[in-house]
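Enquirer: After the structure tokens below, expect a handful of questions from me.
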Amino acid sequence: MLLHAPPRVPETSYRPDAFLIVAGMGQNLPRCGEDCNLGVDRIMKILIVDDDASMRELLAKFMSRFGQCDLADGGNAAFDRVRQALADGAPYDLISLDIMMPGMNGHEVLSEIRAIECEAAASHDGDDGVPARCRVVMVSARDDFDGIMESLRTQCDAYIIKPITRDKVVYTLNQLGLSEAAD
């Protein structure tokens, strides 16, 4: 398993506080393609989960350049949205997930989302319409090794350390192979 920090660059250049998780872990669910290969008539679906309304809005502002953003204020709302998207045959391509939330933390939420994806994949019984395992970007003020490793164990794809900036978000999503939506 590899954990990559962004390459070192001169102090005058942008240097993101983001970690990209490069090795797959856990279930062998289908993954979104390198460029998400969404097709001409489909834009990327993004779910932003954070208990802080201003953070949800800020992330939506930055991520809306990549696709349609839906918002959820916690785990239960996220589960409802993920289940509905899977039932509609239009799963989320990306989920931005805060770690420190009341009730259920982001790690618990992600574990449940992965279980929901497994249920959906099993119910398709091998047909080609199996929903993709969505990409997940964990967002947190925690910059400690243990916090990042816990995110790895719950199968996130990237980790952004707060404070959030447009550059961090764009850099991270580009590193995941996601492209900004065409105007």
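Enquirer: How many residues does the stretch 86-103 contain that are modelled with pLDDT of 95 or more and more than 21 Å from residue 139 (Cα to Cα)?
Expert: Selection size over the stretch 86-103: 0.
Enquirer: So residue 54 clears everything in (1) touching a strand residue (DSSP E or B) at 6+ places or on another chain (Cβ under 7 Å); (2) in a helix (DSSP H, G or I); (3) of a type outside the set (Lys, Arg); (4) surrounded by fewer than 20 Cβ atoms within 10 Å (Cβ to Cβ) except one condition, right? Which one?
Expert: (1)
Enquirer: To continue, here is another question. Where the second residue is outside any loop (DSSP other than H, G, I, E, B) and polar (S, T, N, Q) and the first is closer than 14 Å to residue 48 by Cβ and lies in the stretch 134-154, which pairs have Cβ atoms under 7 Å and are six or more apart or on separate chains?
Expert: 137/96; 137/172; 138/151; 139/96
Enquirer: Also, I was wondering about something else. Exactly one of (1) free of Cβ contacts under 8 Å to residues at least 40 places away in the same chain; (2) assigned to a strand (DSSP E or B) is unmet by residue 103. Its number?
Expert: (2)
The values are calculated or read from the model by the stated rules, or taken from the named source; none is laboratory data. This structure is a prediction, so every number in the text was calculated from the model and none was measured. Don't worry about glycine lacking a Cβ; one is built from the backbone with ideal geometry, like all the others, and counts go over all protein chains shown.
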